[in-house]
Structures are given as C-alpha cells and as structure tokens.
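Student: This is the structure, below, for whatever I ask next.
Please treat every number below as a calculation from the coordinates, not as lab data. Quick caveat, the model's predicted, so the values are computed rather than measured. Cβ atoms come from the backbone with ideal geometry, glycine included; neighbour counts cover every protein chain shown.
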Ligand code: NAI
C-alpha cells in the first residue's frame, strides 16, 4: 500500500482528478490517498493558498498527485505552483508530449520530452519597479542547478532507452546566464559519451519543433523556455488536454498535468481528463508500477482510437466523467 498526497486543485481540477482516481483504482494498485487543501479552497478555509499542512504532507509521503491551481495574474498571491516547486526543491519538470490516435494534430508519431529547470531562471521571483515607469526581473542561473537539471535529462534518457539530448539556450544574447547553463550542460554531456548531445538556440528550436519535430527526443532547458516550448509541444499532439508532467526532486515528487485550471470549464463536465490520467500513469511509473502505467496508457489509446467517449476538445460529445469511466473500464478489461 502506497501513501500519496492528493491535491484536487481549482477550476476543472476536482473533475479531472476524480476521473484519474477512478482509473488508478481500476489498475488494482493500492494507494492510501492523503488529501490536503491548496489553492482557492485553502484561502477560504485557512487564509493562505499553500498551508503548511500541504507541504508537510508532501514532505512526509514523498509523492503527490495534484490538479491545477489558479494563480491571479499580475497581482494577488505569488504562483503557488512555483512556490511549491521551490519549497520542496522539485528541480526537474518533466513534460511529455506523445501522439495518440485520432487526436486532431498536425503530426503523427510525436514522442517528445521537455526537461525544464524548475527552480530558478526568470521564475526566481526577484522583481521590482525602478521608479514608476520601469521594472526589472532578474534571471538567476547557477552552475549547480544547471548541472543537476542536465544530469537529470541524461539519466532520464539512459533509463528510458532514448537516444539524444538537446540543450536549448539563448547564450548568443544572454552570454552570462545562458552561457553558464550551456557551459554546465557541456560538462555533464561529456560524462555520457553513449548519448548523442546537441545544442539549439531557443528561437530556432521553436521553428524546428514546428517543422521537423521527429528530429528531436529529450530537450533540456532553463525555466521559461521550458514553459513555452512544452506548450508548443502540447500543440503538436492535440493540445493541453493531452500532456502529463512531473515535478521531480531528490526527495519529493509531485505529479500534475501541464495545463492550468481552465476556469471557464469549471463544473461543466467538459474538460478533457486525459492529461490528468496520463499524469497518474507517470506517477505510478515513478512508484515502480510500470505495468499499471502501461495499462493506463493503452486504455487511453484504445478509448481515443474508438473515438466514442471523448470530450469536446477532441471533437466528441462525452463529458469528463464519462470519458474517465470509459478509460477505467478499459483498464479493468486489459
Ligand atoms: P489553462 O491551461 O487553464 O487553459 C489554457 C486553454 O486550454 C484554455 O482555453 C482552456 O480552456 C484549455 N484547457 C486547459 N486544460 C484543458 C482540459 N483539460 N480540457 C480542455 N481544455 C483545456 O491556462 P490559463 O488559462 O493560462 O490559466 C488558467 C489558470 O490556471 C491560471 O490561474 C493559471 O495561473 C493556472 N495554471 C496553473 C497551472 C498548474 O497548476 N500547474 C499551470 C498553468 C496555469
């Protein structure tokens, strides 16, 4: 029996998490969920979006599954997601973009991995006004964080029998910050002579991903580029409803979909639960439950191939709950 922290999240979070829990249950893997509040509900109950209890639960259980949390734009609380990643040192953000059948997208057979540095860069939170009409945001890059994220990418590549790591940067302009990232990447790459290594400037990378995505495999990059390019990769495989992710540290790991809380769909039973369900599969793989993870991925593939129980963003008419149930039933049958 595993003990896992559960945060249902805001907006569409509770609906897609309910679907994912049903699918996990169908695998037969026994999990005792320790539910804890964060986000809007936590503000109402405890006056803070990230109660100490949530952080303590994750520290204790070491693994968590979470729905998306709403962050106010421009004002209000600092992003909770960023706060959690920094507090728990969840330094690697692993974002997967894989093609599934009958999902409307420009390509087939995409299988891309974005490894995003999750703790520093432009997300360090060092920002201030300079007088009334200027503002500064400081991008912080350290050798330690750069080396460990690149090492994570190479280890992931090796463990998953993948072939190539591409380091993405803008060191031609940001000679110090991205220059240091690149220097660290080269030093780590030398320790993995069996894995192909290359470098791409971020703007060129964006174009290459649109034109020739099959040339790429695992990509590792500073925080902001990872945020942007992983959404681009999501676009290549049918949108944000399809992409799972994990925030992984040496101690604690927290799994969540790439997408946000999609407030406009809250309570409407129309959000796509696939990203959340694939996120649960990623979590099971992390726990060592490879077979259960594969069953979920096969069940998702089957339900999408049949094209009957799929949500409106996939050109279907099924609700979130119905699609979740269809995937859970397939898992049981496999
Ligand atoms: P979003 O990902 O919530 O939505 C972007 C677009 O994709 C919207 O059109 C939305 O309706 C659609 N979408 C997203 N997930 C979907 C799904 N499962 N099924 C169908 N359509 C889906 O991003 P947005 O609008 O920028 O942010 C909304 C809120 O979510 C903000 O408060 C933001 O801070 C938060 N957010 C939280 C994240 C997290 O908890 N890790 C990540 C990204 C955003």
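Student: Order the peptides 56-66, 6-16 from the highest to the lowest mean number of other Cβ atoms within 10 Å of their residues. Walk me through the numbers before you get to the answer.
Tutor: Numbers: 56-66: 19.8, 6-16: 25.1.
Packing proxy ranking, top to bottom: 6-16, 56-66.
Student: Using Cβ contacts closer than 10 Å as the measure, can you line up 194, 313, 178, 250 from fewest to most? Present the calculation step by step, with values, prior to reporting the outcome.
Tutor: Numbers: 194 8, 313 19, 178 26, 250 11.
By the 10 Å Cβ count, ascending: 194, 250, 313, 178.
Student: For the stretch 161-263, what is the convex hull volume of its Cα atoms per residue in Å³?
Tutor: Values: hull volume 14.4 nm³, N = 103.
Taking the convex hull of the Cα positions in the stretch 161-263, it is 140 Å³ per residue.
Student: Between residue 127 and residue 44, what is the FRET efficiency for a Förster distance of 30 Å, r being their Cβ-Cβ separation, to the nearest 0.05?
Tutor: 0.60
Student: How big is the gap, in Å, between the Cα center of the stretch 1-29 and the Cα center of the stretch 86-130?
Tutor: About 21 Å separates the Cα centre of the stretch 1-29 from the one of the stretch 86-130.
Student: Sorted from fewest to most neighbouring beta carbons within 10 Å, what does the list 100, 192, 107 look like?
Tutor: Ordered from fewest to most neighbouring Cβ atoms within 10 Å, 100, 192, 107 come out as 107, 192, 100.
Student: Where does the chain land on the Kirkwood hydrodynamic radius, alpha-carbon pairs, in angstrom?
Tutor: On the way: mean 1/r = 0.0491 Å⁻¹.
About 20.3 Å, per the Kirkwood formula over Cα pairs.
Student: Continuing with the same structure: Going by how many other Cβ atoms sit within 10 Å of their own, how do 44, 302, 183 line up, fewest first? The partial results should precede the final answer.
Tutor: Numbers: 44 10, 302 16, 183 13.
Fewest-to-most ranking of 44, 302, 183: 44, 183, 302.
Student: Let me ask another. Quote the FRET efficiency, to the nearest 0.05, computed for residue 332 versus residue 134 with a Förster distance R0 of 41 Å and r equal to the Cβ-Cβ distance. The partial results should precede the final answer.
Tutor: Details: r = 59 Å, r/R0 = 1.45.
The formula returns an efficiency of 0.10 here.
Student: Rounded to whole Å and sorted largest first, what semi-axes of the equivalent ellipsoid does the C-alpha gyration tensor of the stretch 115-222 yield via the square root of 5 times each eigenvalue? Don't skip to the answer; put the middle values down first.
Tutor: Numbers: eigenvalues 155, 52, 26 Å².
Sorted largest first and rounded, they come to 28, 16, 11 Å.
Student: Ok, one more. Given 10 °C and 1.306 mPa s, how large is the Stokes-Einstein diffusion coefficient of the stretch 246-334 in µm²/s, with Rh as the Kirkwood radius over Cα pairs?
Tutor: On the way: Rh = 13.8 Å.
Using the Kirkwood radius from Cα pairs, D works out to 115 µm²/s.
Student: Under a plain spin-label model, where a point goes 7 Å from the Cα along Cα-to-Cβ, how far apart in nm are residue 186 and residue 155?
Tutor: 2.5
Student: Could you work out the pair-distance distribution P(r) of the stretch 1-152 from its alpha-carbon pairs, with 10 angstrom bin width and percents rounded to whole numbers?
Tutor: 9, 28, 34, 23, 5, 1
Student: How far apart, in nm, are two points set 7 Å out from the Cα along the Cα-to-Cβ line at residue 163 and at residue 224?
Tutor: Reported label-point gap for residue 163 and residue 224 is 3.3 nm.
Student: Also, quick follow-up: Which value in nm describes the separation of the simple spin-label points at residue 33 and residue 294, placed 7 Å from the Cα toward the beta carbon?
Tutor: It is 2.7 nm.
Student: How high is the relative contact order of the chain, given as a whole-number percent (alpha carbon pairs under 8 Å, six or more residues apart)?
Tutor: On the way: 717 pairs, mean separation 80.3, N = 334.
Once divided by the residue count of the chain, the mean separation gives 24 percent.
Student: Out of all DSSP beta bridges with both ends in the chain, state the antiparallel percent to the nearest 5. Walk me through the numbers before you get to the answer.
Tutor: On the way: 20 of 44 bridges.
Taking every DSSP beta bridge within the chain, about 45 percent pair in antiparallel fashion.
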